[in-house]
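To keep things clear, I will list the structure first and then write my remarks on it.
The values are calculated or read from the model by the stated rules, or taken from the named source; none is laboratory data. No experiment lies behind these values; they were computed from the predicted model shown. Every residue, glycine as well, gets a Cβ built from its backbone with ideal geometry; the counts of neighbours run over all protein chains shown. These accessible areas exclude ligands, DNA and RNA; they are computed on the full protein's heavy atoms, side chains included. Shrake-Rupley method; radii C 1.70, N 1.55, O 1.52, S 1.80 Å.
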Amino acid sequence: MKKYIFSFCLFIITCLSAQAQFNYRPFSVTLNTGAGFAFMDANQPDVNVNIGLSGDFHFSPFTYLSVGVNNGKFSRKSPDQYGRGFESNLTSFSGIINISLGEITQPNWKYTRGLFDNTYVGVGVGVVRSSMSNFNLVAPDGKFGRVGGVKYAGTNIFIPVNIGANIKFFDSFKELKPLSLNINYQYDFTFTENIDGYNPSFDNKFSDAFGILTFGVRYSFGSSQNYSSYR
């Protein structure tokens, strides 16, 4: 009788152990497109098209290093209420560590495609190269005179903060498909006031910043790796 009980317990443990393990690919590339927004001195900026490409190295199915490049522009083509306006092309490069909720929740393999477990946050470092084709608009600067008339080009460091989700799919054999979808919003803090060409003295509290909202298609590849959940 003890022999049968032991065999039954061993069978249950084996089944649970198998359910707690699944495979993933260590590399992926993502092609994305979306919208870029400038949070700078010219109010209510234009929404501009942004395109990007990133390569990812996965430490686990839920934690990965993403290295990417984005190209687009910042602008406020018509003058805002203060008379400020500008247009600047940009190319940014960044490295970001993203951690998904699944790293904490440790889901069963059947639920690895769940949107909740594949929602992530991330932070990293990057550089942005921006250049104006024309001088920005000259505008009043409160009691300090006027600002603008600048044609800025330069490279600046920024801190990107990510929030997003990877939408994964299974095939008929319950294996993850190599193609998945991605939605991501990245807010970027810079250490400069010069990207839009304005560095006003009046009511100037924050450095230039920008945001990028993208939708992408990811392709995962590489030798299959095994991931064991702690549950």
**Prompt:** Filtering the range 191-223 down to residues that are part of a loop (DSSP other than H, G, I, E, B) and of a type in the set (Phe, Trp, Tyr), which residue is farthest from SER94 (Cα to Cα)?
**Reply:** PHE202
**Request:** Would you check which residues across the range 51-64 are within 15 Å of GLN225 (Cβ to Cβ) and either among the aliphatic types (A, V, I, L, M) or open to solvent by 30 Å² or more (accessible area, probe 1.4 Å) (or both) and list them?
**Result:** PHE57, PHE59
**Asked** If the Cβ limit is 9 Å and pairs must be 6+ apart or interchain, which residue in the range 203-225 that is on the phi > 0 side of the Ramachandran plot and open to solvent by less than 60 Å² (accessible area, probe 1.4 Å) pairs with which residue that is in a loop (DSSP other than H, G, I, E, B) and not β-branched (Val, Ile, Thr)?
**Response** GLY222/ARG25; GLY222/PRO26
**Scan of the range 184-202 for residues that are of a type in the set (Ser, Thr, Tyr), open to solvent by less than 20 Å² (accessible area, probe 1.4 Å) and in contact with a Gly (Cβ under 8 Å, 6 or more places away or on another chain), ordered by number** = THR192, TYR198
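Here's the yes/no breakdown for (1) within 23 Å of PHE189 (Cα to Cα); (2) at pLDDT below 85; (3) open to solvent by 60 Å² or more (accessible area, probe 1.4 Å); (4) among the acidic types (Asp, Glu):
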position: PHE8; (1), (2), (3), (4): no, yes, yes, no
position: CYS15; (1), (2), (3), (4): no, yes, no, no
position: GLN21; (1), (2), (3), (4): no, yes, yes, no
position: PRO79; (1), (2), (3), (4): no, no, yes, no
position: THR91; (1), (2), (3), (4): yes, no, no, no
position: SER100; (1), (2), (3), (4): yes, no, no, no
